[in-house]
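Below is one structure, written out as structure tokens; the observations come after it.
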Amino acid sequence: QRLTAAEAEGDERVVEAALRPRSLDEVIGQSRVRDQLGLVLEAARQRERAPDHVLLSGPPGLGKTTLAMIIASEMSTPLRLTSGPAITHAGDLAAILSGLNEGDVLFVDEIHRMSRPAEEMLYVAMEDFRVDVVIGKGPGATAIPLEIPPFTLVGATTRAGLLPGPLRDRFGFTAHLEFYEPHELDRIVRRSAGLLDVELTDTGSTEIASRSRGTPRIANRLLRRVRDFAQVRADGVVTLDVAHQALDLYEVDQSGLDRLDRAVLDVLCRRFGGGPVGVSTLAVAVGEERETVEEVAEPFLVRSGLLARTPRGRVATRAAWEHLGMAPPQGVTA
Ligand code: ADP
């Protein structure tokens, strides 16, 4: 398991459930999204109607599922959960849609991964609250329109750009979630520690927050691992020193880089003089698949300003050299 993965791993969702904010007031950070969404929900409540369909976009671990659950609970309606990959046939979706009650919130995670026919069925359901159920096959097939009660679709996607235009256009409100600031993550860590009954000092908390890559899921995961360390190797209290030792043991450094991230930077600087070097060569040198380097390590290195992708290959920035404690060679300015 990668401690710094932004996606939920294994049965992590179960552990996470206890830490989820239950209302908009409890959500930390994302103040613009919170204000806008609060307004959408309040207006719908006053009109006694289901709110417009909501699209939540942003990287994994930033709170999309949490917000979907909050929308349902603020509207005092049940939440139905499914995901794009789980809907392989349009029939699967038809079954879900026809089972909805008025005002239900339907959450479709990874909505960009739905099959084409299901997507088309969803357009109609979102706009006209109708499902065309196809009976029979070939020339004799007929579509029977089935009315469904007004509901609210909440779609989540890591890549809003991957959604076909017609689907995107049918959402009345789109919220883009951004990475969290260190002080927001700090509040999240302290809130979670309270819920988990973990004793934590201020500096212990900021230390965990600053290594969490702007992502609440990672902050909560690091907190759980540091708590283990505090319990077994110390007196149970998460102090700065305990957080330091624990995260060093788990190989998550001060900037949130893990072993693979550092290996990539290390090879890039020490073996290839800072680049440019092709990603395949880089992957061989660290002993990983090209996809792993490209999809797992690079995005965060790029976001942290440590690595640049150029047409001629990957290049270490000045910050990368400094991160490794080395002087950048002549000519490295950025
Ligand atoms: P996503 O669906 O975007 O992958 P989740 O909603 O599952 O993310 O959130 C992951 C974890 O992070 C959950 O345990 C949740 O409690 C926590 N979390 C996310 N956003 C916030 C927030 N704004 N405040 C507090 N905790 C949060």
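The numbers here are math on the coordinates, done by the rules we state, and not lab data. What you see is a predicted model; the values in this text were computed from it and never measured. Positions of Cβ are generated from backbone atoms using ideal geometry, with glycine treated the same way; all protein chains shown enter the neighbour counts.
Of 140, 164, 174, which is farthest on the positive side of the dipole of segment 98-188, counting Cα position, with +1 on Lys and Arg Cβ, -1 on Asp and Glu Cβ, and the Cα centre as origin?
It is 140, whose Cα lies furthest towards the positive end.
Quick one: which residues, 5 or more positions from residue 146 or on another chain, have an amide H under 5 Å from its amide H? H modelled 1.01 Å from N in the peptide plane, none for Pro or chain starts.
131, 132, 133
Determine ³J(HN,Hα), in whole Hz, for all residues of segment 194-202 in sequence, where each value follows from phi through the Karplus function 6.51 cos²θ - 1.76 cosθ + 1.60 and θ = phi - 60°; x replaces Gly and Pro.
Rounded to whole hertz, the list is x, 5, 8, 6, 9, 7, 9, 8, 4.
Under 5 Å between amide hydrogens, which residues at least 5 positions from residue 81 or on another chain qualify, with H placed 1.01 Å from N in the peptide plane?
The answer is 107.
Given the rule -39500 (n - 2.57) for each run of at least 4 DSSP H residues, summed and divided by the residues of the chain, what is its mean residue ellipticity at 222 nm, to the nearest 500 deg cm²/dmol?
-12500 deg cm²/dmol
Please give the helix 240-249 orientation as an angle from the longest Cα principal axis of the chain, in degrees from 0 to 90, rounded to the nearest 10.
Tilt of helix 240-249: around 90 degrees.
Please state the equivalent ellipsoid semi-axes for the chain: what are the square roots of 5 times the Cα gyration tensor eigenvalues, largest first, in whole Å?
41, 27, 17
Which value, in debye to the nearest 20, gives the size of the charge dipole of the chain about its Cα centre, when Lys and Arg are +1 and Asp and Glu are -1 at the Cβ?
Value, rounded to 20: 680 debye.
Taking the Cα centre of segment 1-75 as the origin, how large is its charge dipole in debye, to the nearest 20, when only Lys and Arg (+1) and Asp and Glu (-1) carry charge on their Cβ atoms?
180 debye
In Å, what is the Rg of the alpha-carbon atoms in segment 146-192, and how long is Dmax?
16.4, 50
So how tilted is helix 216-233 from the main axis of the chain? Cα-based, degrees 0 to 90, rounded to 10.
Roughly 50 degrees between the two axes.
Using the Karplus curve 6.51 cos²θ - 1.76 cosθ + 1.60 with θ = phi - 60°, what ³J(HN,Hα) values do you get for each residue of segment 280-294, in whole Hz, with x for Gly and Pro?
My calculation for segment 280-294 gives 5, 5, 4, 5, 4, 5, 9, x, 10, 5, 4, 4, 4, 5, 6 Hz in order.
Can you compute the charge dipole magnitude of segment 177-307 about its Cα centre, using +1 on each Lys and Arg Cβ and -1 on each Asp and Glu Cβ, nothing else charged? Give it in debye, rounded to the nearest 20.
The calculation lands at about 60 debye.
Would you look at the GNM of the chain, springs on alpha carbons closer than 10 Å, and say which of 311, 59, 145 moves the most?
311
Which one of 296, 91, 61 has its Cα pushed farthest toward the positive end of the charge dipole of the chain, where Lys and Arg give +1 and Asp and Glu give -1 at the Cβ?
Sorting the options by dipole projection puts first 296.
Quick query: amide H of residue 153 versus all other amide H atoms, modeled in the peptide plane; which residues come in under 5 Å with a sequence gap of 5 or more or a different chain?
It is 53, 54, 106, by chain and number.
List, in order, the whole-Hz ³J(HN,Hα) value for each residue of segment 203-210 obtained from phi through the Karplus relation with A = 6.51, B = -1.76, C = 1.60 and θ = phi - 60°; use x for Gly and Pro.
Along segment 203-210, the couplings run 6, x, 5, 5, 5, 5, 4, 6 Hz.
Can you give the log10 of the normalised intensity I(q)/I(0) at q = 0.09 Å⁻¹, computed with Debye over equal Cα scatterers of segment 43-199?
Here log10 of I(q) over I(0) equals -0.34.
If one computes the Cα centroid of segment 1-74 and of segment 212-241, what distance in Å separates the two points?
Centre-to-centre distance over Cα atoms comes out at 24 Å.
Helix 31-47 against the longest principal axis of the chain: what's the angle in degrees, Cα atoms only, rounded to the nearest 10?
20 degrees
If one puts a single equal scatterer on every Cα of segment 211-290 and applies the Debye formula without solvent, what log₁₀ I(q)/I(0) results at q = 0.21 Å⁻¹?
Summing over Cα pairs of segment 211-290 leads to -0.89.
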